[in-house]
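All of the numbers you see were taken from the coordinates with simple rules; none came from a lab. If you're wondering where the values come from, they're calculated on a predicted model, not measured in any experiment.
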Amino acid sequence: MEPRTQVSDSDERAELREKIWTIAQRVTVLLVAALVGLFIGYQLWGSASQLKEQVSRLEEKVTEREKERDTLKSQMAIVDRDKKEMERKFTDLQARCAAAAAPPGAN
């Protein structure tokens, strides 16, 4: 009976070694994946701060351009208003000059 016990013990030992080896492989793969993830995250984290700075600068530029656009629109409205007023005054002046240049009995 003793030889059979040795076979069982060696089978159990082989099975135990195989289980330990499988667990070690899985732990190694998980550890490598976690470290790679941490490394990539760290690298991208640095880029994220640069991108945040770039976004804030671009938002400031957009705000500045919107203010300039609004200012120019206001200036255009004022110029259009003044142009219409000058055209009206010019038309009135032309009418007065035409009336003054016309002979008094021509009406």
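Summary of values
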quantity	calculated
Tilt relative to the chain, helix 2-101 - C-alpha long axis, 0 to 90 degrees, to 10	0
Lysines whose Cα lies under 29 Å from that of Lys52, excluding same-chain neighbours fewer than 8 positions away	Lys61, Lys67
Straight-distance crosslink candidates among lysines, where the alpha carbon sits under 19 Å from Lys83 and sequence neighbours closer than 8 are dropped	Lys73
Sequence-distant aspartates and glutamates (8 or more away, or on other chains) whose Cα lies within less than 14 Å of Lys19	Asp11
Rg/Rg_ref, the chain, where Rg_ref = 2.2 N^0.38 Å and atoms are Cα	3.46
Per-residue [θ]222 nm for the chain (sum of -39500 (n - 2.57) over DSSP H runs n ≥ 4, rounded to 500)	-36000 deg cm²/dmol
